[in-house]
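Please read the structure below before turning to the comments.
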Amino acid sequence: MPMSIDKPSTALTSRQQVAVVVLAAALVGAVLAPSVYAATNEPSDTVAVVEVEGPVNTALADDVESELADIRANDSVGAVVLKLDTPGGAPVASERMYKAVQRTSQDMTVIASVQSISASGGYYAMAPADEIYVLPTSTVGSIGLNAPAPRTASTPLGPSGPDKAGSNPTQTWAQQQTLADTFVDAMMAERGDEFEMPREEVAKADVYLGTKAVQNGYADEIGSLNEAVHAAATAENLGEYTVDTRETGGISGLPFLVRTDTQVVAIHANNPGYADVEPMGMTYVHWPAVPHVDTIERFSETNLRTGGATQTDSSTSNATGRLAGGVGA
Amino acid sequence: MSRLPTLAAAFVVTLAVVTGGAAVTGYVTADGAAPAPAIQNDHYQNPDLIANDTPGQATVEMDATARSQTVLVDPGVEPTSPGGAFPLPLIGLGGGGVADRDIRPLANALIENGHEVGVYVPDPNQRRPPTRPGADPPTQLGERLAEADAFVTFRTDYEPDELDAIESFVDSGGHVVLATEPDAAYSEPGAASLDATLDVTTEPGYVYNMAENDLNYQRVYAEATREMALTEGVDRAVFPSATPVGTTATGADVLRPIAGSELSTTRAPTEAPLLVRNDGVVAIGDSDFLSPDNARRADNDALIGNLADFLVTNDRTPPGPGGASGPTQPPQPGQPPANGTAG
């Protein structure tokens, strides 16, 4: 039985060869599979909806910047819709979002979808979008700066230079004008061709309802978020697409905005201490959209009264208490 | 023994395929950000964008050669609580009226030229008891006006008997400068009774200019309607938060807002004057233009000097308390005429 002795040896070699080939093919296949899967699965089939909601501040700008950077790097996202609901806020945060949206709109279709309001810094942020969708009663506009009139304060002794802790009213006026012009110029650069009005009229910082905004060039289309998403998908020929909503800002990151007689104040807590109250001297915010502190005091006065609290009128702690109660309510 | 090279080759090939495949896959599915394209935002780099923040210079000079006159200033400061030792608003604290520093350029010019400047702040401790008709003692203001040759006021809410004192002051040749403001609601700046006493009018709303202004749309430029003493050297004046003023007299317009100015209430172009003169009364639709900061803007310093000239160039000879002080301009040989016409 010499053959039976040799046979196993020959068969084993053959099987080994087959096994090697199969193993190699499997390995190659395993390597190629993701690419093949991705190729047949359409890489750009997602419309990302990025929320820009609440007061414009650093936390919101951080999130929007990071989401948009992620989207630009992600091949599966084919278009972006910004879901806006903001009265504006800090100038630098507005500019950061503006730049991020501008960069994204160079890569893919970006459509802004305004919910109830996108004014001032919110308008700044969405201006580079390819199209702005509004609802008939949305509010857009307020292209300008909010700031109190510069006041002459007594110069403290000690700082190393005259502008370290003090300022000249004229210098402050000039700075405010520059900040306002920066905003208006950027909006003229982005949408100057759309605006049906001269720069001076834009700089009046009026707000417009959606119905008027589509006529005067502050917006392009009347439409809901869904319609904006569909328009973005259609513009990028996505066919069947999925919607990926990116939340921003975070619950804790967004402050309450209130205004006093002269300026806007951000409050970062329900029951704020001094560290949670941040005065915002110059803001890109739609002033009437920010509740006045008197209103809050009035609300909380009722609360204090029903709560049976008795406090003197002039104490500082009372004012803080009113503020806290009002914000909490 | 011939299988060893085959197996070795198979091992090498498989390893190469796996590692090479991983490399290719990693490259193909790389999720890194593409190099960001440079975005040119030229609108951020326009040199014209930076507003000029040079505060400017002010030289308030007077031409009038009148002898020492007494100018009473009512800064519109409300008296503090009875017994309050010091009117806080005068040093810039609290609301209402103008602060001491705000009238300094005008006051300094008057003082430097040898005139007296008095500030009238009602004293709550000297408030008169309710009076019977026909037995009115002079008001606090009336007592001060009796000693004055000219009157500058930033207040509009006067009592009827104070208005009487102002009216007789004007009738006796005293010069009055009324600096009024758009009110907080921008609905009606002045008080009608004072306006009627001085024969001037004020309009609701403030004047603004979006196209050409002094660092803010509400800081409007005004220019002279024609050559006159009040506008000498004044090519343009800056009025922060100005309201239109008028008067019954013809040809009384002195300064009008420049072209492109609009009124807040109508949002329509306005040419309504911001400074008018009706004989011995000058009404100005702004009270901030003579503060030290604003005196340095445009030709406000020249305007303030002209107003100082107007104040001291009056036809009034105050009787003084009990007539004791006598006329301020006794005829003296060699002296220039004290009272000319201020144009």
Check your understanding: segment A:135-235: which trypsin sites (Lys or Arg not before Pro) are DSSP loop and have at most 14 other beta-carbon atoms within 10 angstrom?
Key -> A:151
Revision key, fill the gap. The alpha-carbon center of segment A:116-160 and that of segment A:169-203 are separated, in whole Å, by 11 Å
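How many partner chain Cβ atoms sit within 10 Å of a residue's Cβ in peptide A:268-279, on average, as a whole number?
Working: counts 0, 0, 0, 0, 0, 0, 0, 0, 0, 0, 0, 0.
So the per-residue partner count for this stretch is 0.
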Practice item. Within 10 Å of each Cβ in peptide B:50-57, how many partner chain Cβ atoms are there on average? Round it to a whole number, please. Key: 5
Study note, to complete from the structure: Expressed as a whole number, the average count of other chain Cβ atoms within 10 Å around the Cβ atoms of B:204-216 is 3
Practice item. Provide the FRET efficiency to the nearest 0.05 for the residue A:153-residue B:57 pair, computing r from the beta carbons and using R0 = 25 Å. Key: 0.65
Check your understanding: How would you classify segment B:235-325 from its alpha-carbon gyration tensor, with a ≥ b ≥ c the square roots of the eigenvalues: rounded for a/c under 1.5, else prolate if a/b is greater than b/c, otherwise oblate?
Key -> prolate
Check your understanding: Can you list the GluC sites (Glu not before Pro) in segment B:228-301 that are in a DSSP coil and have 14 or fewer other beta carbons within 10 angstrom?
Key -> B:271
Study note, to complete from the structure: Note on segment B:216-265: alpha-carbon gyration tensor, axes a ≥ b ≥ c; rule is a/c under 1.5 for rounded, else prolate if a/b larger than b/c, else oblate; result oblate
Check your understanding: What FRET efficiency, computed as 1/(1 + (r/R0)^6) with R0 = 30 Å and r the Cβ-Cβ distance, is obtained for residue A:262 and residue B:250, rounded to the nearest 0.05?
Key -> 0.10
Practice item. Sort segment A:46-246 into rounded, prolate or oblate with this rule: let a ≥ b ≥ c be the square roots of the eigenvalues of the Cα gyration tensor; rounded if a/c is under 1.5, and if a/c is not under 1.5, prolate when a/b is larger than b/c, oblate otherwise. Key: prolate
**Study point:** Estimated distance in nm for a label pair at residue A:27 and residue B:125, the labels positioned 7 Å out from Cα along Cα-to-Cβ
**Key:** 10.5 nm
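Each reported figure results from applying straightforward, stated rules to the coordinates on display, with no laboratory input. Please read these numbers as outputs of a predicted model, since none were measured by experiment. Every residue, glycine as well, gets a Cβ built from its backbone with ideal geometry; the counts of neighbours run over all protein chains shown.
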